[in-house]
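Asks: Supplied in structure tokens, the structure appears directly below.
Laboratory data are not the source of any read-out in this text; all were calculated from the coordinates shown. This one's a predicted model, so the numbers in the text were calculated from it and none came from an experiment. Note: ideal-geometry Cβ built from the backbone for every residue, glycine included; neighbour counts use all protein chains shown.
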Ligand SMILES: Nc1ncnc2c1ncn2[C@@H]1O[C@H](COP(=O)(O)OP(=O)(O)OP(=O)(O)O)[C@@H](O)[C@H]1O
Ligand SMILES: [Mg+2]
């Protein structure tokens, strides 16, 4: 049982503030994963929780008890280091027993706990070996074993699998998931750069950027409803495509957007927060993009293929679009061949289109099914085409926009 | 044709390689001879009589009689060796432990102004023992340590700490910091981390430091001469000079005494040579 609460945690090194007030509630038994770009403070926060770094201000509360100044070993926390940090001069057994010996646990109980951990982690055969005589995966398991034997309330992992090769990483990931299942009361906090680890292991993912939390949520929440552009682009691989657009008008509860690539998008305006002329970003995931076969009509975006990457089961198309310096990425089944310079037409289901305001915050505006991604002929851009009630505003919006060639 | 050309080419490079190797081996052998021959000669002359030494200094002895060695042993070498062993081992243990603690503090603590303390400790390297002799004599007399083992143990420790700390610190800087943190998570105190984690990992450099210290303390002359006066407290280098003074003309006994005094240290070095080289190579590279 270990509820963990972080309240306005700040951490500075001299004048340099690394964590800018972290608030987070972690329930007992949760598996929390920290992700974020390099240098955003994930390790710093983890080490502050462990007690290896002092907290500059704010409260760290475990089970109702403020832990800021409690000695690391008294917090009921175990940590697994990226480098494993096994004591090279001690056998596997001694490595696991070291903390217990210091805590004054009786010999018999130490033996029992170490043997049990050895069994769980399939290390029984290696207990008398030195770490240097073990493979990377075995060392990793010893590091986990050393954390287990202390019966911690909270487990901390700092990129524990990053030194393993791909196959072993998958296997160990599954081991960790099983381990968590066998210890439902233990809270785990896990730092990783690996999207798959984050998505598969986490009950909730915490996305960090520059010492702030960007979003907390279940893996699916983050994937389906990213709170902002940063999370949208950080979660998912390849990253979400972002298209720039401008609000050009409103009519009958509908907001009309004009994208720089020359498409039009209609959004239900129930938010009422989209003034005409407002710049917006539209996000579509590569895997949610659907290529429209030649001859079929419908709401579309168009572009020319610049490069194709084959990953076996899927292929990734890098597409040049009008009005956008960024390549648009499409992830699609590798059953149809595309070549450089092919012109393709594509679209996305309305539920898969994300909207972000000028500050990058998500707008949960509903995209209207029947008007989604209308391709607009060039002539209409100049405002001479017949339109709905928003023609005047639209052209007004266009004048401020970067659309007109 | 190109094939034969090629093979001639490889023959030539083979020849150069072999020649280089031969030269290297020859060089190393001559170096070995230059270093070892005087020692060997000294040991051999310990078996001769005085007449043989003067008549034919480079000949082999007529017979391997250990009489000179026994004489040297009984005429004080036994005492000198005992004193040297006590002083050397005592100061080696003190030096290495104190230096290791110092190095641990200098590498691990978050002390403000740490570079300053590092500077002070390493600044001791520049302190000349000769300059400090007179105040040290007064101090030792006042402390009642003059003409005791402790005088030498304390002085050797004090004067070797900067250098030894320097070596151990360089080595400790290279130890992964994660291990300390893992030990902290395991609940170890600073002392426990030092004794159970850091010190065992420093073994190679500690061995090197002990050897370097033994070499120094075993051969130290100035302090040993000044701070001891009685024959029962003299170390080997001082003792050897008094043997020479006493048996000025009996060179055979002097040679035997010298051989005996060099023997322990040569054996120590050979026994620990492997650790010694490794510790230094790993420590100084950082
Ligand atoms: N001891 C220190 N002194 C000063 N700045 C530090 C110190 N340790 C870390 N930092 C800074 O704090 C910031 C956060 O570092 P941290 O190690 O927490 O990043 P991270 O999110 O774990 O990155 P990565 O994913 O690369 O491990 C970085 O900008 C780093 O330079
Ligand atoms: Mg990190």
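Asks: Taking the beta-carbon count within 10 Å as an exposure proxy, list A:173, A:7, A:150 from fewest neighbours to most.
Replies: In order of increasing Cβ crowding within 10 Å: A:7, A:173, A:150.
Asks: Taking the number of other C-beta atoms within 10 Å as the exposure measure, put B:202, A:40, B:94 in order starting with the fewest.
Replies: Exposure proxy ranking, most exposed first: B:94, A:40, B:202.
Asks: If you don't mind, another one. How far is helix A:107-120 tilted, in degrees, relative to the longest principal axis of the Cα atoms in chain A, given as a value from 0 to 90 rounded to the nearest 10?
Replies: 30
Asks: Would you mind computing, in nm to one decimal, how far apart the modelled labels at residue B:128 and residue A:174 are, each placed 7 Å from Cα along Cα→Cβ?
Replies: Label at residue B:128, label at residue A:174, 7.4 nm between them.
Asks: Relative to the first principal axis of the alpha-carbon coordinates of chain A, what is the inclination of helix A:166-182, with its axis defined by its Cα atoms, in degrees from 0 to 90 and to the nearest 10?
Replies: The helix A:166-182 is inclined about 70 degrees to chain A.
Asks: On the first, second and third principal axes, largest extent first, how far apart are the outermost C-alpha atoms of the range B:67-285 in Å?
Replies: Principal-axis extents of the range B:67-285 (Cα, largest first): 66, 40, 28 Å.
Asks: Something else: First measure r as the distance between the Cβ atoms of residue B:142 and residue B:190, then evaluate 1/(1 + (r/R0)^6) with R0 = 56 Å and state the FRET efficiency to the nearest 0.05.
Replies: That pair, residue B:142 with residue B:190, gives E of 0.95.
Asks: Per the helix-only calculation at 222 nm, which mean residue ellipticity applies to chain A, given -39500 (n - 2.57) for every DSSP H run of n ≥ 4 and division by its residues, nearest 500 deg cm²/dmol?
Replies: Numbers: 10 runs with 98 residues, N = 405.
Dividing the helical sum by the residues of chain A leaves -7000 deg cm²/dmol.
Asks: Taking Cα pairs under 8 Å and at least six residues apart, what relative contact order does chain A come out at, in percent?
Replies: Averaging sequence separation for qualifying contacts and normalising by length gives 15 percent for chain A.
Asks: I'd like to know how chain A sits against the 2.2 N^0.38 Å rule of thumb: what's its Cα Rg over that expected value?
Replies: Here the Cα radius of gyration is 1.23 times the empirical estimate.
Asks: Over all Cα pairs of the protein assembly as shown, how is the pair count split among 20 Å bins, expressed in % and running from 0 up to the last occupied bin?
Replies: P(r) for the protein assembly as shown, in whole percents per bin: 13, 29, 26, 19, 9, 3, 0.
Asks: Ignore the peptide's own chain and count Cβ atoms of other chains within 10 Å of each Cβ in B:174-182; give me the average, rounded.
Replies: Rounded to a whole number, the mean comes out at 6.
Asks: If I fit a long axis through the Cα atoms of helix A:92-103 and take the longest principal axis of the Cα atoms of chain A, what angle between them do I get, 0 to 90°, rounded to 10?
Replies: The answer is roughly 80 degrees.
Asks: How do B:149, A:13 line up, fewest other C-beta atoms within 10 Å first?
Replies: Ordered from fewest to most neighbouring Cβ atoms within 10 Å, B:149, A:13 come out as A:13, B:149.
Asks: What average count of beta carbons from other chains do you get within 10 Å of the Cβ of residues in A:45-57? Write out the running numbers ahead of the final one.
Replies: Numbers: counts 0, 0, 1, 0, 0, 3, 3, 7, 0, 1, 0, 0, 0.
That average works out to 1.
Asks: Right, something else. How high is the relative contact order of the range A:4-233, in percent, counting Cα pairs under 8 Å that sit 6 or more residues apart?
Replies: Relative contact order, the range A:4-233: 28 percent.
Asks: Using Cα-only point scatterers and the Debye equation, what is log10 of I(q)/I(0) for the range A:148-236 at each q in 0.14, 0.25, 0.26 Å⁻¹, rounded to two decimals?
Replies: With no solvent term, the Cα-only Debye profile gives -0.54, -1.32, -1.36.
Asks: How big is the Rg/Rh ratio for the range A:234-356, C-alpha atoms only, Rh by Kirkwood, two decimals?
Replies: Looking at the range A:234-356, the ratio lands at 0.99.
Asks: Work out the FRET efficiency for residue A:13 and residue B:241 from their Cβ-Cβ distance, taking R0 = 56 Å, and round it to the nearest 0.05.
Replies: It comes out at approximately 0.40.
Asks: How high is the relative contact order of chain B, in percent, with contacts defined as C-alpha pairs under 8 Å that are six or more residues apart?
Replies: 31
Asks: For the range B:120-160, restrict the atom set to alpha-carbon positions and state the Rg and Dmax in Å.
Replies: Considering the range B:120-160 through its Cα atoms, Rg and Dmax are 10.8, 30 Å.
Asks: If R₀ is 25 angstrom, what is the calculated FRET efficiency for the pair residue B:149 and residue B:40, using the beta carbon separation as r and rounding to 0.05?
Replies: 0.15
Asks: Between residue B:110 and residue A:349, with labels modelled 7 Å along Cα→Cβ, what's the label distance in nm to one decimal, could you check?
Replies: About 5.2 nm separates the two model spin labels.
Asks: Counting only helical runs of four or more DSSP H residues, what would the 222 nm mean residue ellipticity of chain B come to if each run contributes -39,500 (n - 2.57) and the total is spread over all its residues?
Replies: -25500 deg cm²/dmol
Asks: What does the structure give for A:79-91 when I average, per residue, the other chain Cβ atoms found within 10 Å of the residue Cβ?
Replies: Mean shielding by partner chains, rounded to a whole number: 5.
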